[in-house]
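Working notes, structure below.
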Amino acid sequence: MPVPVITIDGPSGTGKGTIAELLSDRLGWRCLDSGALYRVLGLAAERRGVSLDEADALAEVAAELPVAFVSGRVLLNDEDVSDAIRTEQAGTAASRVAVHPPVRDALLQRQRAMACPPGLVADGRDMGTVVFPSAPLKIFLDASAEVRADRRYKQLKGKGLDANLCALVEDIRARDARDRSRSVAPLCAAEDAVVVDSTAMSIEEVLDRILKEVRRVFPELVP
Ligand code: DC
């Protein structure tokens, strides 16, 4: 029996990560935050002095990346880098390393290996198109760039960090453009994905909408 997988793809700032965590908790499934892999790779490369443009050198780092996900924390070589990988700079570095085909190949099996019983919720950009193309339920979560930037702005301010709304909108647009236009595994909805636009929705409303789809595809899982 194949392990059931639910994929949640979409651009940054749509709440994918939060939704993937809430959903995996609800189902008792594992959760794959594939963006964290690219973020950790960007950090590891910068620390080792590997240029973010050198595909082969980056793929070597990716193949041996000592990353672990433990109790909601992200470890690189046993160092907790959960906060270090969440900066805007780390997001941009992740988006830059992610354009290289050898890097994506090097991370592919590691992502597929996360699919263990009873099931997996996988969050990213190419979960439904490339990594788990036969997943029985694929969600593509979208929202306007302005709303995504505003959510990020509030998140940063809430943490007491400096933030500039206009700069965030620009960053989000630039990252979307790079993620959507790259030659391999570009950000796009799989043909069989359910597209959910969360622009005017709260996290609870998005979760309810997705649970409706989960009930449709896996009626035995959600009462
Ligand atoms: O989801 P995130 O914001 O943490 O992802 C950071 C970057 O990593 C994103 O801009 C593009 C890249 N990424 C990717 O190319 N493929 C994935 N499956 C996940 C993330």
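Key figures
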item	result
Value of relative contact order over the chain, rounded to a whole percent, pairs C-alpha under 8 Å and six or more apart	31 percent
5 angstrom amide H check on residue 3, placed H, neighbours 5+ away	none
Cβ-derived FRET efficiency at R0 30 Å, residue 26 paired with residue 110, nearest 0.05	0.75
Accessible area, probe 1.4 Å, largest first, for residues 202, 71	71, 202
Per residue accessible area of region 116-223, 1.4 Å probe, in Å²	52 Å²
Shape category assigned to the chain from the gyration tensor of Cα positions, a/c cut at 1.5	oblate
Eligible lysines near residue 138 by straight Cα distance, threshold 25 Å, same-chain separation 8 or greater	16, 212
Accessible surface ranking that places the most exposed of 209, 39, 216 first, with a 1.4 angstrom probe	216, 209, 39
Region 1-51 - percent of accessible surface contributed by carbon and sulfur, probe 1.4 Å	50 percent
The chain: antiparallel DSSP beta bridges as a percent of all, rounded to 5	25 percent
Carbon + sulfur, % of accessible area of region 109-220 - ligands and nucleic acids excluded, 1.4 Å	55 percent
Residues in region 111-141 reached by a label modelled at residue 220 [backbone nitrogen below 15 Å; 7 Å Cα→Cβ]	117-119
Å² of accessible area per residue within region 1-93, as computed with a 1.4 Å probe and no ligands counted	47 Å²
Per-residue [θ]222 nm for the chain (sum of -39500 (n - 2.57) over DSSP H runs n ≥ 4, rounded to 500)	-15000 deg cm²/dmol
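The values are calculated or read from the model by the stated rules, or taken from the named source; none is laboratory data. Remember, it's a predicted structure, so these values are computed and weren't measured experimentally. Quick reminder, even Gly has a Cβ in these numbers, built from the backbone with ideal geometry, and neighbours come from all protein chains shown. All accessible areas refer to the heavy atoms of the entire protein, side chains included, with ligands and DNA or RNA removed. Shrake-Rupley method; radii C 1.70, N 1.55, O 1.52, S 1.80 Å.
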